[in-house]
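Here is the structure we will look at, set down as structure tokens.
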Amino acid sequence: MKRLRFVTAGESHGAGIIAWLSGLPADLPVDLERVNRELRRRQLGYGRGGRQKIEKDTVEVIAGVRHGRTIGAPIALRLENREWEKRWKQALPVEDFEGSEEFRRPLTAPRPGHADLAGALKFNWHDARYVLERASARETAARTAAGAFAKLLLGEFGVEILSHVIAVGHARLERAATWEEIQAICGNLDSPLRCVDAETEARMMAEVDAVLRAGNSVGGIFEVVAHGVLPGLGSHAQWDEKLDGGLAQAVMSIQAVKAVEIGSGIQNAVSYGSEVQDTITYDAERRRFARSSNHAGGLEGGITNGEDVVLRGYLKPISTLRRALGTADLETKQAVEAAYERSDVCVVPAAGVVAEAMVALVLADAFLEKFGGDSLGETKRNVSGYRRQLDEF
């Protein structure tokens, strides 16, 4: 059973988005400014749509925190949707609805690539709005808030999780980024696409400009790096205890992510073993084993090995296009143009922030599974004992 559990609730244009998080130890300091900064990072990025100017996300803690510290009880978080009254206000009967005409009409032209049609078939709806409101990436604001709490816990033990953009469309960073470069670019909220190389970022921006003019959308690749992770999280013993599997599921669950890579996994598949295995060394000064490289992405046999945990998410172009694609009407079954919902053109940097949150939640769960502790002090004592074990190995 998972030690750290979370769920989200809410619709894109409902009253708000909610996250529920259970399992954090008591007495963890809660810095809401850091949580809100994560929410702000999620809203940034070249190619974002108009809604990001409307929703100024800040978290409201409604349970589980007192006097700035966790109390060992489930944490409940709420994020307001500012447009809910004029755009949906779902609590009202349809005949009393006073929102926009757009939201009064059934949405019967499902968008290719979105959950619209599959969800309508599953739930027997002839109005895809009931599906798209929950399938919307607006839900990831709640994930980001919950993940920020997981980051606060991991930060107490020297773990930092950040992301940067590897590719947007055909523009791609063709070199590895250093941890220091990633830290610097993540600290700069004015960075348009959170790419560590300015020339590559300019080409990425040109890609976004081109698809915007064409009424199209563009995907890309983000990389998440977890720095300072102890060896020994996860297990090789059962398939569902392997940490790489849990991390891959977490990142794959993000809207529009269609592939996940750990370390240099894709290149590894077309290389020889001698080219991609990370040879082992021993650092006598640090009293730690290390690797000559990190093709494995910090995970071997489903267990962290002490190197940086590195994952890449491959994000398809989002499904809403101003230049509508062809579809079939849910009611008439006739060929029509897909519905248009106000949307973004490029969300790769934002998806990276969401992936940071998901990686933090999975790593925090594995961390608490190994070290336990009902209070932060107890967890710290357990981690200190394990660090001594590593020193004496």
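The values are calculated or read from the model by the stated rules, or taken from the named source; none is laboratory data. For clarity, every value in this text was computed on a predicted model and none was experimentally measured. All Cβ positions, glycine included, derive from the backbone under ideal geometry; neighbour counts span all protein chains shown.
Numbers below:
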item	result
Those residues of the stretch 179-190 which are modelled with pLDDT of 95 or more and within 21 Å of the chain's Cα centre (by Cα), in sequence order	Trp179, Glu181, Ile182, Gln183, Ala184, Ile185, Cys186
Among the candidates Val30, Val65, Val59, residue that is farther than 21 Å from Ser375 by Cβ, modelled with pLDDT of 95 or more and of a type in the set (A, V, I, L, M)	Val59
Residue in the stretch 131-144 that is in a loop (DSSP other than H, G, I, E, B), buried (at least 20 other Cβ atoms within 10 Å of the Cβ) and either modelled with pLDDT of 95 or more or in contact with a Gly (Cβ under 6 Å, 6 or more places away or on another chain) (or both) present	no
Top-ranked residue in the stretch 304-347 [being farther than 30 Å from Asp244 by Cα and of a type in the set (S, T, N, Q); ranked as surrounded by the most Cβ atoms within 10 Å (Cβ to Cβ)]	Thr320
Residues of the stretch 261-306 satisfying the condition of being more than 20 Å from Gly232 (Cα to Cα) and of a type outside the set (Asp, Glu)	Ser264, Gly265, Ile266, Gln267, Asn268, Ala269, Val270, Ser271, Tyr272, Gly273, Ser274, Val276
Residue within the stretch 69-76 that is at pLDDT 95 or above and buried (at least 18 other Cβ atoms within 10 Å of the Cβ) present	yes
Tally of residues being in a helix (DSSP H, G or I) and either aliphatic (A, V, I, L, M) or within 26 Å of Gly113 (Cβ to Cβ) (or both) across the stretch 246-280	9
First in the stretch 220-242 and among the aromatic types (Phe, Trp, Tyr), second anywhere and at pLDDT below 95 and surrounded by fewer than 18 Cβ atoms within 10 Å (Cβ to Cβ), Cβ under 7 Å, 6 or more apart	none
Of all residues making up the stretch 332-359, the number that are charged (D, E, K, R) and within 21 Å of Leu152 (Cα to Cα)	1
